[in-house]
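Peer 1: My structure is below; once you've seen it, I'll send some questions.
The values are calculated or read from the model by the stated rules, or taken from the named source; none is laboratory data. Note that the coordinates shown come from a computational prediction; the quantities given were computed from them, not determined experimentally. Note that each Cβ is placed from the backbone with ideal geometry, even for glycine, and that neighbours are counted across all protein chains shown. Note: areas computed on protein heavy atoms with side chains; ligands, DNA, RNA excluded. Shrake-Rupley method; radii C 1.70, N 1.55, O 1.52, S 1.80 Å.
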Amino acid sequence: MTELTKEEKELPVIKYEYLDHTADVQLHAWGDSLEEAFEQCAQAMFGYMTEIDKVEILEKQEIEAQGEDLQSLLFHLLDEFLFLFSAEPYFIARKVKITEFDRVNFKIIATGYGETFDLKKHPQGTEVKAITYSNMQIHDTANLHAVYVIIDI
């Protein structure tokens, strides 16, 4: 092995920096209830992944999500559906229906209605890499039921 010279071991002056790059999209969903806003948010995520009108309701997949508060509950709901899309059976939902919404224990049981994602049938939209807590907002008042979620794309 050849010994490195002093010049070879010398480190260059750093001439680079890391810049913030926005590789995210914010979902804004609303409904007549907080449950509907959560459902709409999950549907919005799927709609970002493909042309949602090409997804047929041929099967259903049930998920359970648990959190420590409403924000973590929303995060885990979306994350569970993202997992269904990202792994076998690569399920994409056209419709999401929450069947249990426990605000005391922060638990949701929801059903997604759709089909297996197929590139021959479903145009590939933008890949959703992760759900984030960044600037997540949940509004639940008498006149407003809305959520804002930033997804990493």
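Peer 1: Can you tell me which residue within the stretch 109-153, out of those that are closer than 20 Å to residue 93 by Cβ and among the charged types (D, E, K, R), is surrounded by the most Cβ atoms within 10 Å (Cβ to Cβ)?
Peer 2: 115
Peer 1: When you look at residue 80, is it in contact with a Ser or Thr (Cβ under 8 Å, 6 or more places away or on another chain) and open to solvent by 70 Å² or more (accessible area, probe 1.4 Å), yes or no?
Peer 2: Values: in contact with a Ser or Thr (Cβ under 8 Å, 6 or more places away or on another chain): no; open to solvent by 70 Å² or more (accessible area, probe 1.4 Å): yes.
Judged against the criteria, residue 80 is not a match.
Peer 1: Of the residues in the stretch 120-138, how many are closer than 14 Å to residue 28 by Cβ and in contact with a helix residue (DSSP H, G or I) (Cβ under 8 Å, 6 or more places away or on another chain)?
Peer 2: 2
Peer 1: Now a separate question. Check 27, 4 and return the single one that is at pLDDT below 90 and part of a strand (DSSP E or B).
Peer 2: Working: 4 fails: part of a strand (DSSP E or B).
Only one candidate qualifies: 27.
Peer 1: Quick one: is residue 120 assigned to a loop (DSSP other than H, G, I, E, B) and without any contact (Cβ under 8 Å) to a residue 60 or more places away in the chain?
Peer 2: Criteria met by residue 120.
Peer 1: Are any of the residues in the stretch 64-73 at pLDDT below 95, under 17 Å from the mean Cα position of the chain (by Cα) and charged (D, E, K, R)? Quick ask: steps written out before the conclusion?
Peer 2: Narrowing the stretch 64-73 to residues at pLDDT below 95: none.
No: zero hits.
Peer 1: Which numbered condition in (1) part of a loop (DSSP other than H, G, I, E, B); (2) more than 23 Å from residue 32 (Cβ to Cβ); (3) of a type outside the set (S, T, N, Q) is the only one that residue 92 fails?
Peer 2: Residue 92 satisfies all of (1) part of a loop (DSSP other than H, G, I, E, B); (2) more than 23 Å from residue 32 (Cβ to Cβ); (3) of a type outside the set (S, T, N, Q) except (1).
Peer 1: Quick one: residue 87 ticks every box in (1) closer than 21 Å to residue 25 by Cβ; (2) free of Cβ contacts under 8 Å to residues at least 12 places away in the same chain except a single one, so which number is it?
Peer 2: (1)
Peer 1: Are any of the residues in the stretch 56-70 touching a residue at least 12 places away in the same chain (Cβ under 8 Å), assigned to a helix (DSSP H, G or I), under 21 Å from residue 30 (Cβ atoms) and open to solvent by 30 Å² or more (accessible area, probe 1.4 Å)?
Peer 2: If we filter the stretch 56-70 for residues that are touching a residue at least 12 places away in the same chain (Cβ under 8 Å), which is where we start, we get 56-70.
Pick out the ones that are also assigned to a helix (DSSP H, G or I) and you get 70.
Right, trim to under 21 Å from residue 30 (Cβ atoms) and you get 70.
Remaining after also requiring open to solvent by 30 Å² or more (accessible area, probe 1.4 Å): 70.
Checking the stretch 56-70: at least one residue is touching a residue at least 12 places away in the same chain (Cβ under 8 Å), assigned to a helix (DSSP H, G or I), under 21 Å from residue 30 (Cβ atoms) and open to solvent by 30 Å² or more (accessible area, probe 1.4 Å).
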